[in-house]
Every structure is written in structure tokens, then in C-alpha cells.
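The values are calculated or read from the model by the stated rules, or taken from the named source; none is laboratory data. Predicted, not measured: the structure shown is a model, and the values here were computed from it. Here the Cβ positions follow ideal geometry from the backbone for every residue, glycine too, while neighbour counts run over all protein chains shown. Ligands, DNA and RNA are stripped out before the accessible areas are found, and what is left, the full protein with its side chains, is counted by its heavy atoms. Shrake-Rupley method; radii C 1.70, N 1.55, O 1.52, S 1.80 Å.
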Amino acid sequence: MKLVVQLQLMPDADMARRLRATVERFNEAANWLAGVAFDHQLSNRIELQRIAYKDVREKFGLSAQMTCLCIRRVCEAYKRDKSIRPKFRKGAAMPFDQRTMRFQGIDRVSLLTLDGRTVVPMIVGSYQSDRMHYPKGQVDLVLRKDGKWFLIVTIDVPDGCPVPVTDFIGVDMGINKVAVDSDGNEHTGEPVEKVRQRHNTQRKRLQRKGTKGAKKKLKRLSGKEARFRKHENHRISKAIVESAKRTGRGIAVEDLEGIRERVTARGGDARNRLSGWSFHQLFSFLSYKATLAGIPVVQVDPRNTSRTCSECGHCEQANRKSQAVFLCKHCGFSANADWNAARNIAFLALGASRSSTGLVGQRSLPTVRLNRKSHRL
């Protein structure tokens with residue numbers, strides 16, 4: 001599978017100047033090329049190179065391989081939507097390949113600039129160093145808003161040896177509780193919620209103030225909440241995958257595509273919470289960590305998982321006594337609502353697995369009637 005590794009570069013003032021000049025010239029050339037591609041309705045890289053290669057070399061002073069990379073980048077952007085002309089920011093990411101970049105040991109990289117090659121030191125942690133020996137694909141040079149330079153490297157990592165599974169851990173994802181599994185482990189969203197509320201209040205106060213200092217503060221805070229949320233999703237997904245690997249089970253999650261359109265969020269704060277709900281990021285982290293460990297991940301239909309009794313299979317809207325409590329009207333089974341839903345998710349995944357593999361003699365699944373459920377915050 002493909003993993004993306006981020007490496008921080010540590011250029012001195014002269015190196016940074018050369019890198020910035022190269023990136024800006026590359027994007028200037030990309031904008032000019034985008035106009036040529038749009039005017040001629042050209043998305044074919046070979047055709048665009050035939051009519052524009054010489055002009056790019058003369059007008060912008062790019063090397064031969066930089067010019068080819070620029071043409072490829074423009075064609076990729078134009079293919080996505082041929083009705084508009086692509087635009088490239090002055091400091092947009094610049095691609096490199098094996099002809100324009102070479103790693104020198106574990107902590108240095110040689111990059112081709114307008115003034116020739118420059119060898120830049122970089123910071124490599126244990127996570128990155130464990131994966132740098134695998135085959136590498138595209139590499140992008142990125143200048144962040146805070147002035148830090150990064151290499152974004154795509155690495156082809158082999159999948160883990162498949163683990164044969166006969167059972168699944170069900171994972172119910174939500175806003176109040178980020179994830180609850182069928183073993184009863186809860187990953188609360190309280191830390192994320194505290195950070196969200198603090199940053200939301202601070203942003204409102206600074207925006208009302210509107211001074212130059214307030215705008216600088218807002219710029220420094222930009223992305224801080226998202227980074228904390230990402231850290232929490234990494235932590236939660238790692239814990240779930242380790243539990244699945246230790247017990248030899250697969251992982252089952254809800255397919256929440258389109259959930260935001262089905263959720264009723266009343267009030268500005270509720271809408272803010274909903275928009276910040278990063279369920280897709282958590283699923284993507286679970287998927288790639290599980291794939292590396294050889295653990296299957298399946299998605300199941302979320303309909304009625306919160307209304308169905310995981311003991312007797314009775315499905316009724318009144319079973320959901322409250323947001324947190326489930327009480328079956330048929331058999332009287334009472335439990336935490338999220339844990340009950342996680343058990344149903346695990347049962348559905350096991351049922352799908354039996355259907356595809358022909359497994360017999362296992363616990364029978366509860367009957368789940370598939371009526372579209374409604375959600376409310």
C-alpha cells in the first residue's frame with residue numbers, strides 16, 4: 001500500500017532563498033503553461049510538451065526535467081476539470097523525482113534548484129526511518145505558512161500478512177464518543193471537545209477585536225485544533241488495531257457516507273461540532289493501520305444498528321430510551337446505546353463474512369430490519 005511520510009527540512013538562509021526562488025519560478029511557469037493548455041484544450045502531456053517545452057525553458061530558465069515535471073503537473077490539474085483554467089499559487093507544492101532529488105544517507109537530501117543542486121539537512125524520526133528503505137514514488141516540496149520546509153514522500157509499503165479471522169470487533173463512531181467498540185472500550189471525544197470549545201471561543205473573541213495583533217494570533221492558531229484532532233484519531237485507531245491484532249479479529253465499522261446530510265444540527269455550536277466530526281479521517285487511519293497489520297476492515301450499513309437489540313434482534317425506535325441508554329421493549333435487555341450498536345455492527349460484519357466464506361456453526365445473527373434511521377444532535 002502507499003503511505004505518505006513527511007520529512008522536515010532544515011535549510012539555512014541561503015538554502016531557503018534558493019528553494020523559495022525555485023518553487024516560485026516553477027509555479028510561475030505552471031500558470032503560464034495552464035493558459036496554453038486551456039487555450040489549446042490540451043490535457044495530453046506529450047502534445048503539450050511538443051508545443052510548449054522550448055518556450056518554458058527559454059522564458060523561465062527551468063532545467064529539462066523540471067520542465068517535464070511542470071508539464072505533467074499542469075496536465076494532471078487540467079484533466080480534473082477542463083471547463084476552467086488551472087491556477088497555481090506562488091508557493092504551491094513543487095514535485096521532484098529521482099532525476100531532480102536524491103537522498104544522501106538518512107538525514108540529507110540533494111535537491112535541484114535554479115542555481116544547481118543544494119544538499120539540505122532534514123529531520124527524520126523513528127517512524128520515517130523505519131520506512132525510508134522501501135521504494136519511493138512522488139515527492140513534493142512544500143513551504144508551509146509558518147515558513148517551515150517539508151518533503152512529502154510517497155512510499156510503497158508491503159501489506160502485512162493476512163490474519164485469518166472468524167470474528168470481528170464492531171466500532172460505533174460518534175460525536176460525543178469518538179469510538180466505542182463491541183468489547184466495551186470507549187474512546188471519548190471529551191479532549192477534542194474541550195479543545196474545540198476553547199479555540200472556537202478564542203477565534204470569536206479575536207475576530208471581534210479585529211486588530212493587527214489579533215489577526216497575527218489567529219494566524220498562529222490556524223490548524224492547531226485540526227492537528228490535535230488528528231493526533232487523537234491516530235491514538236484511537238492504533239488502540240483499536242492493536243486490540244484486533246491481539247485477539248485475531250477483523251474490524252467492522254459503519255459506512256457513514258452522507259451522514260452530514262441526514263443529521264439535524266440545531267444551533268451554531270451544534271453545527272460547529274458536526275462540521276468538525278472527523279469520522280472519515282478516523283476510518284482512513286483505521287484502514288491503513290489495519291492493512292499494514294494484515295487485519296481486514298469491513299464497512300456495514302449503519303441503518304438501525306442503534307435501534308436493534310443485540311441480544312434478541314428486536315428492532316424498534318422506542319428501544320433507544322435516550323442518547324446514552326438502550327432498553328429493549330421485547331426482552332428487557334438494557335445497555336449503553338453505543339456499545340449495543342457496536343455489537344450489532346460486529347454481528348453484521350460476521351454475517352457478511354459467513355455469506356462469502358460459507359462458515360457454519362457460528363452464533364446466529366439477530367434480525368435487523370433495514371429502515372432508514374434518523375439522527376439528531
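Report the local net charge at ILE51: Lys and Arg +1, Asp and Glu -1, summed over other residues whose C-beta lies under 14 Å from its C-beta. Could you put the intermediate results ahead of the total?
On the way: positive: ARG45, ARG50, LYS54, ARG57, LYS59; negative: ASP39, GLU47, ASP55, GLU58.
Every neighbour counted, the sum reads +1.
Compare the peptides 117-125, 68-76, 203-211 by average per-residue count of other Cβ atoms within 10 angstrom and give them in order, highest first.
Output ranking for 117-125, 68-76, 203-211: 68-76, 117-125, 203-211.
Given axes a ≥ b ≥ c from the Cα gyration tensor, I'd like to know whether the range 1-78 is rounded (a/c under 1.5), prolate (a/b larger than b/c) or oblate.
Oblate.
When you count, for each residue, the other Cβ atoms within 10 Å and take the mean per peptide, how do 288-298, 166-176, 342-352 rank with the highest first?
Final packing ranking: 342-352, 166-176, 288-298.
How far apart, in nm, are the 7 Å Cα→Cβ label points at ASP140 and ASN176?
3.8 nm
Of LYS177/LYS321; LYS2/LYS82; LYS90/LYS204; LYS136/LYS245; LYS87/LYS145, which ones are farther than 25 Å apart at the Cα?
On the way: LYS177/LYS321 18 Å; LYS2/LYS82 28 Å; LYS90/LYS204 30 Å; LYS136/LYS245 28 Å; LYS87/LYS145 19 Å.
Where the Cα-Cα span goes over 25 Å, the pairs concerned are LYS2/LYS82; LYS90/LYS204; LYS136/LYS245.
For the chain, find the longest principal axis of its Cα atoms and tell me its angle to the long axis of helix 279-293, 0 to 90°, nearest 10.
Long axis of 279-293 versus the principal axis of the chain: about 90 degrees.
Report, to the nearest 10°, how far helix 212-221 tilts away from the longest principal axis of the Cα atoms in the chain, using its own Cα long axis and a range of 0 to 90°.
The angle comes out near 60 degrees.
How high is the relative contact order of the chain, in percent, with contacts defined as C-alpha pairs under 8 Å that are six or more residues apart? All intermediate terms of the calculation are to be shown ahead of the outcome.
Values: 577 pairs, mean separation 59.3, N = 377.
Contact order relative to length: 16 percent.
Stretch ARG227-ASP255 to full length: gain in nm at 0.36 nm per residue minus the Cα-Cα span?
Full extension from ARG227 to ASP255 adds 7.7 nm.
With point charges of +1 on the Cβ of Lys and Arg and -1 on the Cβ of Asp and Glu, referenced to the Cα centre of the chain, which listed residue (ALA346, HIS187, ALA335) lies farthest in the positive direction of the dipole?
Selected residue: HIS187.
With a Förster radius of 45 Å, plug the Cβ-Cβ distance of ARG72 and ALA318 into 1/(1 + (r/R0)^6) and report the FRET value to the nearest 0.05.
The computed FRET efficiency comes out at 0.15.
By how many degrees, between 0 and 90 and to the nearest 10, does the Cα long axis of helix 64-80 differ from the longest principal axis of the chain?
40 degrees
Work out how much length LYS329 to ARG50 would gain on full extension: take 0.36 nm times their residue separation and subtract the Cα-Cα distance, in nm to one decimal.
Full-extension gain reported as 93.2 nm.
Report the gain in length on full extension from SER126 to HIS234: 0.36 nm times residue separation, minus Cα-Cα distance, nm rounded to one decimal.
So the extension gain works out to 37.2 nm.
Consider the candidate values (1) 32; (2) 7; (3) 22; state which one is percent of Cα pairs over 41 Å apart computed from the structure displayed.
Read-out from the structure maps to (1).
So, in Å, what gap is there between the alpha-carbon centers of the range 196-250 and the range 1-45?
After rounding, the separation between the Cα centres reads 29 Å.
For the chain, which whole percent of the accessible surface, found with a 1.4 angstrom probe, sits on carbon and sulfur atoms?
50 percent
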